[in-house]
Amino acid sequence: MRILRTAHRLGIETVLGVSAADRETLGAKMAGRVVVLGPAPSKFSYLNANLVVHAAKATGCDALHPGYGFLSEKAELAQLCEGEGIAFVGPRAATIAALGDKLSARAIAAAAGVPIVPGTDCIETLQAARAAASQLGYPVVMKASAGGGGRGMFKATCAEDLTASFDRASLEAESAFGDRRLYMERFVERARHVEVQVVGDGEGNVVHFGERDCSVQRRYQKLIEEAPATALPGHVRDKLHAAAVRLIAEARYRNAGTVEFLYDVDREDVYFIEVNSRIQVEHPVSEEVTGHDLIACQLRVAGGEGLGLTQSDIQVRGHAIEVRINAEDPRAGFAPSPGRITRWAPPVGPGIRLDTHAGQDYLVPPYYDSMIGKLIVHGATRAEALSRLQAAIAGFTLEGVRHTLPLAAFIAGHADFQANRFTTRWLEDTGLPAFAASPAA
Amino acid sequence: MSLKPNDIATLVELFNTSGWEEMHVEIDGLQLFISKDPKARLVGGLGGGTTMAPPIAPPVARAAAPVATAVAEPADGDIPAHWLKVCAPNLGTFYRSPKPGAAPFVSVGDRVTAEAEVCLLEVMKLYTAVKAGVTGIVRRVGVEDGSLVEHDTVLFYIEPA
């Protein structure tokens, strides 16, 4: 829907490929034309790249936007589009493949002079792992080269741990990603997750739209994102932007992407983690603070019109915070809570934006990601944005399914969040236990 | 709470992908009974006077299993209620013949068995045969040869015999 809205504003005709479960969604009502790809299970619809490209070709599409889930980071989809002469709204297939493999991405980063977490190349034996770990210093983390998004990672705090987890890590890498290659990084104890929004033209020209802080995470799933990352010292922020731009230029990256970094709170330094070669869920906070429509930028680049703007056209103003609204019960282990929304009355007011496909009587299907919307607030300062966020959540009536807004309200009101004093461990170590102990509203 | 057609479709999809053998739902006096056993009947029966929809055919091989369902409502005007639909399992280009110029797999009036291949669906040069899924006589071809069909588009109507 986010993409359809911009496309329609730009006068672009749209065709939306959906599964049988989504044929009556708001997005389907909005699209110029809807084609039903396959049945509800994503394996037979959204995850079948051939179906998606066949539908685009048969309906006469010039370009294909992959969204931000499902196939959006699969080189296969970009490859098929290239073969059919359809403009893929994203990077070249070869770029997606090169950045999708962690070891190869680390090599590109190193070539661009981008700081990476001290670590190793591919490690094949336990012996090599032990040697590397003692050189890096414990704790360390073993990661699957083909992994990402927090999957396929094992932390080891001592040599015994490493012995126990090495085989498990390589087995899991094999079973989850079909690739048992592992590498090792030093584990950063107190880190914040910061990322830079970039757009490249594919020829080495790159602009960035500032950074986001997405440190409020549970099992590597982001819950709250904000821009800018006000916890960063100024010199670190400049270094971060420069590193992201160098990396994206080095990769001759085309279209929108996100360069993710770890900010080591104790060392006051940033390290490259990975590139997300697609538009991300949290892109609206960058749009709110820069005033630029990132989907329009994507379509412009895909249409061969280049970036259409320079770095000086992009100014960060104020502060924006996004909370994800998931149909999950935060008081019951985040169990999915599909069902019908019986009451839906979102807040309205200055600085409030809601991106959603849900509404009154919407049936949250059990098949897909449980996200039903994103509430975004913008204010002149972080404090103003935060108070708007609290007011917006308090004014949001949402019944019929269990959802994460009560947790978001709790976090927004917590002294640590208010003081901007948290790391990626905060939610699991401090926030959730405190939430569980708090009375249910 | 009112039940919408899409909700029923969702329930049927859920059932199809589940390991369940039977599902019985009752909401506001409306009863829905689905079973993978063609002979299954709801124990106790449905309320007096209610016509029960036949159980849906068990999904055969998942790859190209057409789901033959009874025409539940008097849709499509003149389609008799007992004709069964052969629907597209996924989006693709519909071909009635094994290759250009060849005779079609089936024509109106032909008798088919459940295992009979009735058409091809092409997705990015990959051709998959669609089986009738029911035994009967082909009564109508739902779409033009060579056209794009979506998931669930009715390809053929077959009169059980």
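The values are calculated or read from the model by the stated rules, or taken from the named source; none is laboratory data. Everything numeric in this text was worked out from a predicted model, so none of it was measured. No Cβ is skipped: glycine too gets one built from the backbone with ideal geometry, and neighbour counts run over all protein chains shown. These accessible areas exclude ligands, DNA and RNA; they are computed on the full protein's heavy atoms, side chains included. Shrake-Rupley method; radii C 1.70, N 1.55, O 1.52, S 1.80 Å.
Quick notes on this one:
- Averaged over peptide A:171-177, the number of partner chain Cβ atoms lying within 10 Å of each residue's Cβ comes to 0.
- Our coupling estimate for region A:266-278, obtained by passing each phi through the Karplus curve with A = 6.51, B = -1.76, C = 1.60 and θ = phi - 60°, is 6, 8, 6, 9, 10, 10, 5, 10, 7, 10, 9, 8, 6 Hz, Gly and Pro reported as x.
- Cα gyration tensor shape of chain A, rounded if a/c is under 1.5, else prolate or oblate by comparing a/b with b/c: rounded
- Each helix, a run of at least 4 DSSP H residues, gives -39500 (n - 2.57); summed and divided by the residues of the protein assembly as shown, these come to -8000 deg cm²/dmol at 222 nm.
- Protection proxy ranking, peptides A:414-420, A:237-243, A:16-22, average beta carbon neighbours within 10 Å, highest first: A:16-22, A:237-243, A:414-420
- Kyte-Doolittle mean at least -1.0 and Cα axial length at least 20 Å: DSSP H helices in chain A: A:159-177, A:234-250
- B:Ala129-A:Thr125 FRET efficiency (beta carbon distance; Förster radius 51 Å; 0.05 resolution): 0.55
- 9 Å beta-carbon shell around B:Pro80, net charge (K/R +1, D/E -1): -1
- Total formal charge among the other residues, if their Cβ is under 15 angstrom from that of A:Ala332, Lys/Arg +1 and Asp/Glu -1: +1
- Charge dipole of the protein assembly as shown (Cα centre as origin; +1 on each Lys and Arg Cβ, -1 on each Asp and Glu Cβ, all else neutral): 80 debye, rounded to the nearest 20.
- Average Cα contact separation per residue, chain A, under 8 Å, 6 or more apart, as relative contact order %: 13
- The listed peptides A:219-226, A:277-284, ordered by packing as a protection proxy, come out as A:277-284, A:219-226 (highest mean of other Cβ atoms within 10 Å first).
- Cα gyration tensor, region A:275-391 - rounded (a/c under 1.5), prolate or oblate: oblate
- Solvent exposure of the protein assembly as shown amounts to 43 Å² per residue of accessible area, where only protein heavy atoms count and the probe is 1.4 Å.
- Per residue of peptide B:90-96, the mean number of Cβ atoms on other chains within 10 Å of the residue Cβ is 5.
- Summed residue charge, Cβ within 15 Å of B:Ser97's Cβ, Lys/Arg positive, Asp/Glu negative: -3
- Chains A and B together, accessible area buried on both sides, 1.4 angstrom probe, square angstrom: 2100
- Other protein chain Cβ atoms within 10 Å, averaged over every residue that makes up A:31-43: 4
- Share of carbon and sulfur in the accessible heavy-atom surface of the protein assembly as shown [1.4 Å probe, %]: 53
- Remark: region A:337-354, residue by residue, has Karplus-estimated 3J(HN,Hα) of 10, x, x, 9, 7, 8, 9, 9, 9, x, x, 10, x, x, x, 10, 10, 10 Hz, where x stands for each Gly or Pro and the curve is 6.51 cos²θ - 1.76 cosθ + 1.60 at θ = phi - 60°.
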